[in-house]
Every structure is written in C-alpha cells, then in structure tokens.
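Student: Below is a structure I'd like to ask you about.
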Amino acid sequence: MNSALVKSLPLAAAAVLVCLCAVPQQAAAAQAPAAAQVATAAKPKLPADRDPYFKPEPVYARWGRLAVAEAQQRYPQTAVVDYLHIGRKRLAPGVAEEHFRLWMRDRPTAREWGLHVRIRFEENTNKVLQLELRPL
C-alpha cells in the first residue's frame, strides 16, 4: 500500500483503508495454516541421534530374547511373566556370559516360579557356546 496516500488521509479514513487492504492478506494467512498442517503431517522422522524419545536397544537385548525363547521351548505350558537382566561377566578374552532371571507362570495351575538362564557366547562372532536353564 502507498504510505503517502495513507499520510494524506484523515486518521479515521487511513485506519479504514489499512483494514481493507489487510483483509486479503489475512485471508491468505488464514489459508497458510492449513497448508502448514499438511506439510507438518508429512514431516520425516527424526534420526535417532536427534530424537529426544529414542532409546537405543540394550546390548543384552539379543540374549534376553534368546533366553525367553529357550524358556518357552523348554517349558511350553508356561508363560514368561517377568524378565530381569542380572549382568554380564567376561570369562576370558572374547568369551562372555549373560545372566537372566525369568519369572514363569504355569498356565494350567497358575503356579509361579523363577528360572535362572545363563548364556555363554563368543563376543566377536556371537556364537552361543553354552546355554543353561536352572529353576530357582
């Protein structure tokens, strides 16, 4: 809008003129949020290093899945109710052992009991050397 024209008009007329000229701009601005919503909906997912809610999978998760699978295979009439990672021990260079405690529930009788799982493996190749399940 021409600022010289606004300066030459009385104050009330200039205000009306400014309001009338701003209406098309406001209508365009009102349409902009709808376009912004469409663009926001297609926003790509943040990479893991920038996502504040991203939690990397623990190192022992792979062995925990194996412990649960072995327990379910060995005791098919039970369900794994709870799972605790006790820790990892390094037994020798390149050989480690993961310890888990699983809480099991017998489906027919609803009896609960603990199961200690010990997995010995080679760290470089992830080859399982020994897997031991011992009821507590």
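The values are calculated or read from the model by the stated rules, or taken from the named source; none is laboratory data. Quick caveat, the model's predicted, so the values are computed rather than measured. Cβ: placed from backbone, ideal geometry, glycine included. Neighbour counts: every protein chain shown.
Student: With the requirement that a residue be among the charged types (D, E, K, R) and touching a Lys or Arg at 6+ places or on another chain (Cβ under 9 Å), what does region 90-112 give you? Spell out the reasoning first.
Tutor: To start, the set of residues in region 90-112 that are among the charged types (D, E, K, R) comprises 90, 97-98, 101, 105-107, 111-112.
97, 98, 105, 111, 112, listed by residue number.
Student: Residue 102 fails exactly one of the following numbered conditions: (1) at pLDDT 95 or above; (2) out of contact with any helix residue (DSSP H, G or I) (no Cβ under 6 Å at 6 or more places or on another chain). What is the number of that condition?
Tutor: All conditions pass for residue 102, except number (2).
Student: If residue 108 satisfies every condition in (1) closer than 17 Å to residue 72 by Cβ; (2) in a strand (DSSP E or B) but one, which is the exception?
Tutor: (2)
Student: Condition first: of a type in the set (Asp, Glu) and under 16 Å from residue 82 (Cα atoms). Now tell me which residues in region 110-136 satisfy that.
Tutor: Residue satisfying the conditions is 112 alone.
Student: Collect the residues in region 92-120 that are aromatic (Phe, Trp, Tyr) and within 28 Å of the chain's Cα centre (by Cα), keeping them in residue-number order.
Tutor: First pass over region 92-120, keeping only residues aromatic (Phe, Trp, Tyr): 100, 103, 113.
Across region 92-120, the qualifying residues are 100, 103.
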